[in-house]
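One structure below.
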Amino acid sequence: MSIRGRLLALAIGGVLPLLIVGLTVLGIVWNDKQNQLNEGLEQQAELAGVIFDRWLDAQYQPLQTIASYSPDHLKDKSALEENLKAALIHRAHWIDLRVLDASGKVVAIYPAGAESLPVSVADKLLSEMRRGVQDVETDWVRGEGRYLLAIAVPVEGAGAVVARIDGGALKEPFRGMSLPDRAVITLIDQRHRVVYRSQTPESTIGLDLTDSSMLSTLKSQNTTVVVVKSSIDGVERVYGLGRVGKTGYIVMVGIPSAILYASAWRQLMGYAVVGLIVVFCTMTGALLIARSIARPVRLLNFAAEEFGGGNFSARAPTEGKDEMSRLGMNFNAMAERLQKREARFAELDRLKSEFVSTVSHELRTPLTTIKALTRLLMREGLEETKRREYIETISVECDRQIDFVLNLLDLSRIEGGVLRVTHERVEVDEVISSVIKSETRSAEKRRHELRVEPQPDVPPVCADPKELRRVLSNIVENAIKYTPDGGRIILSAHEEDSQVAISVTDNGRGIPAEDMPILFDKFHRGRPAPHSAALAEGTTNAEFLEDADVSGVGLGLYLARNVMERMGGRISVDSEVGRGSTFKLHLPLWSDGGCNKPE
Ligand code: ADP
C-alpha cells in the first residue's frame, strides 16, 4: 500500500470511530430530548385533566347544596322547585335541573316542561347514586353533534339531584390553556366518544374512538404518550393522554410532532452539521498531510530513478523546512557529489585515452628519429662532423626515452606504494648546474635565456640526488615548454624557513587560477590561458600549441610532488596568467647527524 493510501487509511481509521461515537451520542441526545418533551406533554395532559376535574367540582357544588337539604324539604315539591330555579337561573349553560327519588321518578324539575332523561343515562346515574358517589354521564339525547353533560349527586334515600349542562360549556375551562398552533385538546367520555375538541368542526363531536390505537396504548396507566396521524385533519401529532380523576373521562393534548420536536431537531442538526464539518476538516487535513508527504516522496523517487537511469542533473524537491525537504537536500548533496565524481571519472577516462595516445606518440617520434639517423650513419662516406652530430642526437633522444620510461616506472611505483628514494647529502648548486647543462640545448632551440642567479652559501640538503635532478629537470622542461619563444627562465636557491628552496621562475603563459587546485593531479594537462603573453603578442592558441613544443602526458608535476614528499620536502607554485610562474622545491637541510626521514 502506498504512503498516501496508508495515511488515508489512518485518517479514516481515526475518523470512523469518531463518527460512530458522534452518531451514538446524537442518538442518545435525541432520545433524551424526546423523552423530556414527551414527559412535558404528559404533564400538559394531566394539567388539562385537573382543569376539567376542577370545573366538574364547581358544577357539582349547587347540586351538593340541594342534596344536603333535609328529607322533609326534599319532599316539598314547590319549595324544591324554587331552589332548583335559583340554582339554574345564574348558570347560562345549564339546561335543566331535577330531583329524582330512588326509583328514578321525578320529585321536582325546573324548568317545568324539560325533556325527560334518556333511560340509559338515568339508569346509569341511579346505579352510581346507589353506591353513593357523584357521577357525570354524556346525554346524547339531542343527537350526535350536540350533547349534554348529565351530572348527578346522590341524596339520602338513594335519590339524586341531576343537572344537564350544554356541552358547549366545556370551552370555558380549557380556554386558559395556551397551546401552540394546530395543537388540540380532546376530551373523551367513558364510552370513548369525543365530547370536546378544540379547533375542530362540530362533526367530530360524538366521534367514537373505541377502535383507535391511541386509547389502547393507555391501558391501565393514568398517562401516556403516543404519536398518531389524525384521521380528522391528517396532521401527525404527539398526543399526551391522561385520565380525569375517577370520572372515566380521558383528556388528550396533541401537538404536531413537527412543532414539538422542531427545536430539538434543529439543535440536533446543528450538532450533526458541526460534526460533519469536523469530519470534513479532518479528512481534508489528512489528505493535505498525505499529499505533503507522499508528493515529495514520489518526486524524490522519480529523481532517484532518473539519477539511476543516468540523468545526473536530476534533483529532488527541497521546498519547506520539514524532514522531507531535509531528505531532499541530502539527496541533492549526494547527487551533487556523485555528479562531480562521475564528471571526474569521465575526465580521467578521457585523460587515460589521451595518455595512451600521447605515450605512443612520445615513444614513436624519437624512435623514428633514431631509426632514420641510424640509416644515415650506415651510409658510406659520411662526413665526420655529420656523423658526430647524428650520434649526439641519437644519444639525446635515448636519454629522453629513458627519462620518459623512468617516469612511467615511477608512476607505477607510486601507484603500487613502492617508490623508494635515498636520503643523502646533496649540494644544491651541483644539481642546478647539472640541470642547466642538460637543458641548455632545448632552451636554446626556443631562444630562451636560461640562467642561474648568484646563490651565496646555499647549505647542503637532504635528498635523493638522482630523483632531485629529475624533478628539477622536469620543472625546467615545463618552463621551457610553456614559455613562448625568447622567454626568460631563472633558477635560484636560498635558505627559507629552515629549508632550502630551489625556485624556477619563467615569464611564460602562467597558470589559470581554476587549474591551481588540480595542477598536481595525475594526467592533468592545462590549456593555454586565453590572455597569455604569447597571445597578447598576436599568437593564436592554435599557433602557440603548434609552434611550441607542448608535448607531454600530464605526469611531470604529479611525479614531482610525490617524489618531493617522499624526500621529506614539498613543491609549491605561484603563477599569474600572462606574466609567468615560479615553482619552488622545498627541501630539508642536511645536518651532520644525517636526515630526518619522513614517516
Ligand atoms: P605535461 O607537461 O606533460 O603536460 P606536467 O604535469 O608537467 O605535464 O604539467 C601539467 C600542466 O601544468 C601542464 O600541461 C601545463 O598546463 C601546466 N604547467 C606546468 N608547468 C608550467 C609552467 N611553467 N607554465 C605554465 N604552465 C605550466
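The values are calculated or read from the model by the stated rules, or taken from the named source; none is laboratory data. A quick note: this is a predicted structure, and the numbers were derived from the prediction, not measured. Virtual Cβ from ideal backbone geometry, glycine too; neighbours counted across all protein chains shown.
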ask   = Pick from segment 571-586 the residues that are farther than 17 Å from Phe520 by Cβ and in a strand (DSSP E or B): which of them is nearest to the ligand (Cβ to nearest atom)?
value = Gly580
request  = Kindly provide the set of residues from segment 288-300 that are touching a residue at least 60 places away in the same chain (Cβ under 8 Å) and of a type outside the set (D, E, K, R), ordered by number.
outcome  = Ile289, Ala290, Ile293, Ala294, Val297
ask   = Which of the residues belonging to segment 89-130 are free of Cβ contacts under 8 Å to residues at least 12 places away in the same chain, part of a loop (DSSP other than H, G, I, E, B) and more than 17 Å from Ile165 (Cα to Cα)?
value = Ser103, Lys105
message = small (Gly, Ala, Ser), touching a residue at least 24 places away in the same chain (Cβ under 8 Å), closer than 25 Å to Gln134 by Cα and touching a strand residue (DSSP E or B) at 6+ places or on another chain (Cβ under 8 Å): is that true of Gly168 in this structure?
response = no
task = Within segment 407-435, count every residue that is under 14 Å from Glu467 (Cα atoms) and in a loop (DSSP other than H, G, I, E, B).
result = 6
request  = Kindly indicate whether any position in segment 311-321 is modelled with pLDDT of 80 or more, among the aromatic types (Phe, Trp, Tyr) and more than 30 Å from Gln36 (Cα to Cα).
outcome  = yes
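Condition check ((1) touching a residue at least 24 places away in the same chain (Cβ under 8 Å); (2) in contact with a helix residue (DSSP H, G or I) (Cβ under 9 Å, 6 or more places away or on another chain); (3) under 21 Å from Leu218 (Cβ atoms); (4) not acidic (Asp, Glu)) across all residues:
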| position | (1), (2), (3), (4) |
| --- | --- |
| Ser230 | yes, no, yes, yes |
| Leu241 | yes, yes, yes, yes |
| Val244 | yes, yes, yes, yes |
| Ile250 | yes, yes, yes, yes |
| Met269 | no, no, no, yes |
| Ala286 | yes, yes, no, yes |
task = Report, ordered by the first and then the second residue, all pairs with beta carbons closer than 8 Å, sequence separation of six or more or different chains, a first member in segment 493-515 that is at positive phi, and a second member that is among the charged types (D, E, K, R) and in a strand (DSSP E or B).
result = Gly510/Glu576
query = Do any strands (runs of 3 or more DSSP E) entirely within segment 438-514 hold 2 or more residues that are within 16 Å of the ligand (Cβ to nearest atom), and if so, which?
reply = 449-452, 488-496, 499-506
message = I want to confirm something. Restricting to segment 6-33 and keeping residues that are under 13 Å from Leu268 (Cβ atoms) and surrounded by 14 or more Cβ atoms within 10 Å (Cβ to Cβ), which single residue is farthest from the chain's Cα centre (by Cα)?
response = Lys33
query = Could we say that Thr540 is more than 10 Å from the ligand (Cβ to nearest atom) and either under 19 Å from Gly580 (Cα atoms) or modelled with pLDDT under 90 (or both) here?
reply = yes
note = Over segment 553-570, the set of residues more than 11 Å from the ligand (Cβ to nearest atom), free of Cβ contacts under 8 Å to residues at least 60 places away in the same chain and either closer than 15 Å to Asn474 by Cα or touching a helix residue (DSSP H, G or I) at 6+ places or on another chain (Cβ under 8 Å) (or both) is Arg570
request  = Might you let me know whether segment 523-530 holds any residue that is touching a Leu at 6+ places or on another chain (Cβ under 9 Å), modelled with pLDDT under 95 and more than 11 Å from the ligand (Cβ to nearest atom)?
outcome  = no
query = What are the pairs, 6+ residues apart or on separate chains, where a residue within segment 35-56 that is closer than 14 Å to Arg175 by Cα has its Cβ under 9 Å from a residue that is among the charged types (D, E, K, R) and surrounded by fewer than 18 Cβ atoms within 10 Å (Cβ to Cβ)?
reply = Trp55/Glu172
